[in-house]
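Participant: Okay, here's the structure, questions in a sec.
Values quoted throughout were computed directly from the atomic coordinates according to the rules given, and no laboratory measurement underlies them. What you see is a predicted model; the values in this text were computed from it and never measured. We place every Cβ from the backbone using ideal geometry, glycine too, and count neighbours over all the protein chains shown.
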């Protein structure tokens, strides 16, 4: 069976960079007028030439967002289960070479975290771990997912890439979605930043979304770590290519795109390519024009000022009051965190800001548990 690796091998990084940079204002205007964007249109909207068209780009993105999602913005929150990691990555606070305190939550600690999160009103949960297959792998997930799942309307994960059969099993335990970010689609730059561990395997990670689609996972999240490669424009175009590939083959699944920019962390690096806030707005809006039906998500990596102004344009999924360390909600230990969130407002503050912008915060928009099993089982 073909996977995205087959499509990736047809794509030339340097050629894509040249084509993006060669786009003209006429190309941008043509893209803005297109009813449905093609690949050339996406290149134009990611190009330097589109910088002067931010206002019409944002206006069209906002219209499409309101048409598809109304005024609603869904809330989710990450629950970090462990900061153990068997990888050595240059940009991550959990990297095995960083001399930080390590922690994996047990059953009682998970219960306390879930209680603290539910008290804040969250119904959509994202489980996050470092990548340690031995100590935080399938056995750990089998042990804890069912109890967590019974407490929330939907459950997503951001953990190490797994096999198709493992994803299929997790689906039976209540898993609704998986977020897996390629970090960068440039193979040699990827190798430069992933020094040890299973994460060194570029293609195992690249084909993870295909395995998710084959396993019938409902929602698949994509993204690149903006700033890791020498061209954020090419990486974002590669995310678009990946999305189009998956939508064509696994049309029963839903998709989500995130836009994480490098944030300060223990032992971290400086970005190789800088994306400023205007360029991030440009990129978010370009994705809305490319895929009006796809979830676009913005995390607490960004500042309160920026989030309050960008969410009304094209974002329909946000996190709030995120703690990036195990035990962060019931017992705050910042020395365990993966990175420092920029927007540390409490969820009710973020919700109030959305209401002030004419938006409707949504804490629960579905309950996939209905029809799967009784919550009391």
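Participant: Under a crude label model (7 Å from the Cα following the beta-carbon direction), how far is residue 165 from residue 305 in nanometres?
Facilitator: In this crude label model, residue 165 to residue 305 measures out at 5.4 nm.
Participant: Say R0 is 22 Å: what FRET efficiency, to the nearest 0.05, do residue 191 and residue 101 get from their beta-carbon distance?
Facilitator: With R0 = 22 Å, the Cβ-Cβ based efficiency is 0.15.
Participant: Using just the helices of the chain, give the 222 nm mean residue ellipticity in deg cm²/dmol: DSSP H runs with n ≥ 4 each add -39,500 (n - 2.57), and the total is spread over all residues, rounded to 500.
Facilitator: Roughly -12000 deg cm²/dmol at 222 nm, from the helical runs in the chain.
Participant: Now for a separate question. What's the FRET efficiency of residue 201 with residue 109 using the Cβ-Cβ distance as r and R₀ = 30 Å, to the nearest 0.05?
Facilitator: The computed FRET efficiency comes out at 0.45.
Participant: Still on this model: Kindly rank 308-315, 126-133 from highest to lowest mean number of other beta carbons found within 10 Å of each residue.
Facilitator: 126-133, 308-315
Participant: Just to confirm the number: angle between the C-alpha axis of helix 54-69 and the first principal axis of the chain, 0 to 90 degrees, nearest 10?
Facilitator: For 54-69 against the chain, the angle is about 50 degrees.
Participant: Against the longest principal axis of the chain, how steep is helix 277-290, in degrees 0 to 90 to the nearest 10, with axes from Cα atoms?
Facilitator: Compared with the principal axis, the helix lies near 90 degrees.
Participant: Quick one: angle between helix 347-356 and the longest Cα principal axis of the chain, in degrees between 0 and 90, rounded to 10, please.
Facilitator: Taking Cα atoms only, the helix is inclined about 30 degrees.
Participant: Quick one: 211, 68, fewest Cβ neighbours within 10 Å first, how do they rank?
Facilitator: 68, 211
Participant: Hey, of (1) 37, 32, 19; (2) 75, 23, 14; (3) 31, 24, 21, which did the structure itself give for semi-axes √(5λ) of the Cα gyration tensor in Å when calculated?
Facilitator: (3)
Participant: Run the numbers for residue 18 and residue 150: contour at 0.36 nm per residue of separation, minus the present Cα-Cα distance, in nm. Don't skip to the answer; put the middle values down first.
Facilitator: Details: separation 132, 0.36 × 132 = 47.52 nm, distance 5.01 nm.
Extra length available between residue 18 and residue 150 comes to 42.5 nm.
Participant: Give me the extension gain from residue 54 to residue 269: residue separation times 0.36 nm, minus the current Cα-Cα distance, reported in nm with one decimal.
Facilitator: In short, 74.4 nm is gained.
Participant: Could I ask something else about it? Within a 10 angstrom radius of the beta carbon, how do 323, 135, 23 rank from fewest other beta carbons to most?
Facilitator: By the 10 Å Cβ count, ascending, the order reads 135, 23, 323.
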